[in-house]
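The values are calculated or read from the model by the stated rules, or taken from the named source; none is laboratory data. From a predicted model like this one, the values you see are computed outputs, not experimental measurements. Here the Cβ positions follow ideal geometry from the backbone for every residue, glycine too, while neighbour counts run over all protein chains shown.
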Amino acid sequence: MNLEWYIIWNFRYEILSGLVVTAQLSAIAIVGSTVVGVLFGCLSTTPSFFLRKICNSYVELMRNIPVVVKLFFMHFIIGFDAFLSGVVALVLHQSAYISDVTAAGIRSVPQGQTEAARSCGHNYLQVFRYILIPQAVRFVIPPMTTQYIQVVKNSAVALLIAIEELTFQTQWIEHKTFRGFEAATAVTLVYLGVVLVIAAIMSGVQQYVNRKWP
């Protein structure tokens with residue numbers, strides 16, 4: 001196979017542009033899915049049967065609808081613009097998994113601690129703030145890292161509605177040069193770099209939490 005790696009240098013600005021769009025899309029979706037997922041995860045562990053049913057229904061619904069279906073629904077049915085459709089689809093999809101991770105982290109804290117706090121006169125919000133959340137954070141960081149990486153990977157579906165992210169640029173370079181292998185290899189390495197950055201950040205967060213709440 002005669003490889004022409006200079007193609008990557010010639011299209012470096014397109015790859016950089018795709019990286020910027022992927023980073024923007026992923027960063028906003030990570031923040032949004034964390035907020036929504038943690039909220040639903042916390043509510044799903046409350047004593048309220050009604051709240052638990054709502055949260056569980058949301059999680060089951062979002063987990064069983066493919067992200068591409070959410071993407072098309074937001075863009076072609078609701079009528080959001082392409083970027084907003086991508087963000088909303090990713091938030092809805094990944095927040096369901098983050099909700100499960102959050103709930104599992106909270107349930108990993110021994111029930112006796114909650115009961116002891118309640119018997120001391122703390123309300124449920126105080127129990128969450130001072131007892132459950134500080135301990136659950138330590139358990140959820142590793143699986144949260146996986147979920148954030150999934151957001152980056154799933155962001156590739158945005159090319160289906162013409163968002164010019166990394167995978168879109170890969171196909172555009174292949175269309176222009178017929179050098180798909182070189183383009184795909186370069187973009188794969190870029191994705192790997194993004195994933196390693198996320199893993200490094202989350203590792204730093206884990207170390208910080210371990211020092212703050214030993």
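Cβ-Cβ contacts under 7 Å between residues 6 or more apart (or on different chains), taken from a first residue in the range 124-148 that is more than 14 Å from GLY37 (Cβ to Cβ) to a second residue that is modelled with pLDDT under 80 and outside any helix (DSSP H, G or I), are listed as PRO134/TRP213; ARG138/TRP213.
Return the only residue of TYR130, TYR148 being within 30 Å of ALA183 (Cα to Cα) and either surrounded by fewer than 18 Cβ atoms within 10 Å (Cβ to Cβ) or under 18 Å from the mean Cα position of the chain (by Cα) (or both).
Working: TYR130 fails: within 30 Å of ALA183 (Cα to Cα).
After applying the criteria, what remains is TYR148.
Taking the range 158-185 as the range and being among the aliphatic types (A, V, I, L, M) and surrounded by fewer than 22 Cβ atoms within 10 Å (Cβ to Cβ) as the test, the residues that pass are LEU159, LEU160, ILE161, ALA162, ALA184. In a residue-by-residue description of the range 163-186, the property of being among the small types (Gly, Ala, Ser) and either within 13 Å of the chain's Cα centre (by Cα) or within 18 Å of PHE72 (Cα to Cα) (or both) applies to no position.
Among the residues making up the range 1-37, a single one is within 19 Å of LEU192 (Cβ to Cβ), among the hydroxyl-bearing types (Ser, Thr, Tyr) and surrounded by fewer than 19 Cβ atoms within 10 Å (Cβ to Cβ): SER17.
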